[in-house]
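Here's the structure we're looking at; comments come further down.
The values are calculated or read from the model by the stated rules, or taken from the named source; none is laboratory data. Because the structure is a prediction, the values reported are computed rather than measured. With ideal geometry, Cβ positions are generated from the backbone for all residues, glycine too; neighbour counts draw on all protein chains shown.
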Amino acid sequence: MRLVKDVVELDVVDSTNSYALERADEGLLVVAQMQTAGRGRRGRQWFSPRGLNLYMTLTVEAQDVKYPIIAGVAVYEALREHVPSSHDLRIKWPNDILIDGMKVSGILCEARGGITAIGIGINVNQDSWPEDLEHQAISLAEVIGHELDMSGIQEGCISKLEKWFDVYRDRGFGPIRTAFLRYSRFKNTWVMLHDDTRAIVIDLDMNGQVVVDIAGRIECISDPDAILEMDVS
């Protein structure tokens, strides 16, 4: 499935997601050198300095709660091709990508008017961080030891997105769920919920929700902010 029909390359934009949703064209890829108001979930700021990292949004038709999981699996596979096996690369539900416990990529899916914007931020060549992000964020260059060509990272992400959207269309969510569980390795890990309750993760259901065991009571969690802390060690 070819997902990209049109490409817009920008020097500076407030947010690639905002730009893409304003255009509201399915199959639009927006790439920027810098974002002045890049954001993650719940409107949290995404640090977006000029020319160092990848900031891109791809629009796809329809809305689907499984899109964040699909995007997370795709970006994981794109980054796996660059990250040495000696480093722990994994997905943190629903779609953050971590290297050695620090965030290298975040994905934000936003829907409007029958279009979903899949926003992807990847720390590629960043080598210094604001104080509040030290020991929380990491870049590919810091891991590998040299700068990378961002166009290659971008192309890899698009290729993997096309692969997994094909899988979803032809075979449903099952293979994606299987890949996510393998790449996240979060089954049987402990999480802290918003009410300070500890729970253990037992599965990912077919709607992309986390299934947890709270002292023998089984619950499904769809809101990532319901989980305050997740063991990624």
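Could you check how many residues of region 116-144 are at pLDDT 95 or above, of a type in the set (A, V, I, L, M) and assigned to a strand (DSSP E or B)?
Here the count works out to 4.
Hey, among the residues in region 86-102 that are modelled with pLDDT under 95 and in a loop (DSSP other than H, G, I, E, B), which one's nearest to ALA137 (Cα to Cα)?
Only one residue tops the list, namely GLY101.
On the basis of being small (Gly, Ala, Ser), part of a helix (DSSP H, G or I) and surrounded by 19 or more Cβ atoms within 10 Å (Cβ to Cβ), does ALA179 make the cut?
yes
Restricting attention to region 182-195, report how many residues are assigned to a loop (DSSP other than H, G, I, E, B) and either surrounded by 12 or more Cβ atoms within 10 Å (Cβ to Cβ) or in contact (Cβ under 8 Å) with a residue 12 or more places away in the chain (or both).
Qualifying residue count for the region: 6.
Which ones in region 28-48 are of a type outside the set (Val, Ile, Thr), surrounded by fewer than 16 Cβ atoms within 10 Å (Cβ to Cβ) and at pLDDT 75 or above?
Once the filter is applied, which keeps residues that are of a type outside the set (Val, Ile, Thr), surrounded by fewer than 16 Cβ atoms within 10 Å (Cβ to Cβ) and at pLDDT 75 or above, region 28-48 yields only ALA37.
Looking only at region 181-198, how many residues end up being of a type outside the set (Ser, Thr, Tyr), at pLDDT 95 or above and touching a strand residue (DSSP E or B) at 6+ places or on another chain (Cβ under 7 Å)? Spell out the reasoning first.
Taking region 181-198 as the starting set, the residues that turn out to be of a type outside the set (Ser, Thr, Tyr) are 181-182, 185-188, 190-196, 198.
Then drop every residue that is not at pLDDT 95 or above, which leaves 181-182.
Applying the additional criterion that residues be touching a strand residue (DSSP E or B) at 6+ places or on another chain (Cβ under 7 Å) yields 181.
Matching residues across region 181-198 total 1.
Look at region 202-231 and say how many of its residues are in contact with a helix residue (DSSP H, G or I) (Cβ under 9 Å, 6 or more places away or on another chain), surrounded by 13 or more Cβ atoms within 10 Å (Cβ to Cβ) and closer than 14 Å to LYS92 by Cα.
Final tally of qualifying residues: 5.
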